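First comes the structure, then the notes that go with it.
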Amino acid sequence: MRILVANDDGIFSPGIKALGLAMRALGEVYVVAPDVEQSAVGHGITVRRPLRFKHTASAGFGEIPAYRVDGTPADCVVLGVHLLGRPDLLVSGINIGVNLGLDLTHSGTVAAALEGTSLGIPSLAFSLDTSREDLDFAQAALWATRLARLVAERGLPKGVLLNVNFPAGTPKGALVTRLSTHRIEDTVVERLDPEGRPYYWIAGVPVGEEEEGTDLWAVRRGYISVTPVSLDFTATAFLPEVARWLQEL
């Protein structure tokens, strides 16, 4: 089995190193990741400028081929598939910080898995809660390997990926979950540059309801959250109502 490993924290992140090394237990591994951190870039594809694709022995993956790209996580997947060959499995992460609920709309980690899924490649995204200082990427990578093995053996439905979030500390187990209302409540901070001109920082704090059965609820209680995510964004239940509206046009 050939496994493509990507992320959004960059090729020198400890999370992707742990994931890439762990995936050797399942088959042939190659890494394609951004050259710098690309958190919160979403599912962007670079189309207005050329991209660089460079082998990077200094990233610490040993004999695993590792390449850095001066683009987005989705760019990494596109280039990895086209330049190195189609993988049997794609794994993204392990992200430094959770990707829960509405985080999926801007997460670069999840975007890499979304791109893989759109190409018909079974894909998983992995993220780790960083609410504790002692981040255990090795333990998360072990669980990631187990989950990836199951996906490799049993497959995923067309257009579906798995979004996986690890709790801080030793997991109590794994639970299948649905997306929560977890999101970043934005604030805009205005400051002045040395010439007195205003500039802005977009900041925010995480908020969300811990409703039982959601990804936020599971991770906050020490469980691994495994959420099947579909590429089909259609609000199916609302289709009949919209059809009735259109009759009035």
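The values are calculated or read from the model by the stated rules, or taken from the named source; none is laboratory data. Because the structure is a prediction, the values reported are computed rather than measured. Quick reminder, even Gly has a Cβ in these numbers, built from the backbone with ideal geometry, and neighbours come from all protein chains shown. SASA here: full protein model, heavy atoms, side chains in, ligands and nucleic acids out. Shrake-Rupley method; radii C 1.70, N 1.55, O 1.52, S 1.80 Å.
What to note about this one:
- Rounded to the nearest 0.05, the FRET efficiency derived from the C-beta distance between PHE238 and VAL36 at R0 = 41 Å is 0.55.
- Rolling a 1.4 Å probe across all protein chains gives GLU195 an accessible area of roughly 140 Å².
- Spin-label model distance (nm) - ASP134 vs LYS54, 7 Å beyond Cα toward Cβ: 3.8 nm
- Excluding the site residues themselves, the longest part of the chain lacking any trypsin sites (Lys or Arg not before Pro) in a DSSP loop with at most 15 other Cβ atoms within 10 Å is 53-131.
- Amide H to amide H, with H built 1.01 Å from N, SER92 comes under 5 Å of ALA6, LEU124, ALA125, PHE126, counting only residues 5 or more places away or on other chains.
- Spin-label model distance (nm) - ILE45 vs ARG197, 7 Å beyond Cα toward Cβ: 3.5 nm
- Each 10 Å bin from zero up to the one holding the largest Cα-Cα distance in segment 183-245 carries the following percent of pairs: 15, 21, 26, 21, 14, 2.
- Residues of the chain: accessible area per residue with a 1.4 Å probe, Å²: 52 Å²
- Dividing the summed helix terms, -39500 (n - 2.57) for each DSSP H run of n ≥ 4, by the number of residues in the chain produces a 222 nm estimate of -7500 deg cm²/dmol to the nearest 500.
- With bins 5 Å wide beginning at 0, the percent of Cα pairs of the chain falling in each bin runs 1, 7, 13, 17, 18, 15, 11, 8, 5, 3, 2, 1, 0.
- Karplus-derived 3J(HN,Hα), 6.51/-1.76/1.60, for each residue of segment 136-153, Hz, glycine and proline x: 9, 5, 5, 5, 4, 5, 5, 5, 4, 5, 5, 5, 5, 4, 4, 5, 4, 7
- Per-residue Karplus couplings for segment 183-195, computed as 6.51 cos²θ - 1.76 cosθ + 1.60 with θ equal to phi - 60°, are listed in order as 7, 9, 7, 6, 10, 10, 9, 9, 9, 10, 7, x, 9 Hz, Gly and Pro entered as x.
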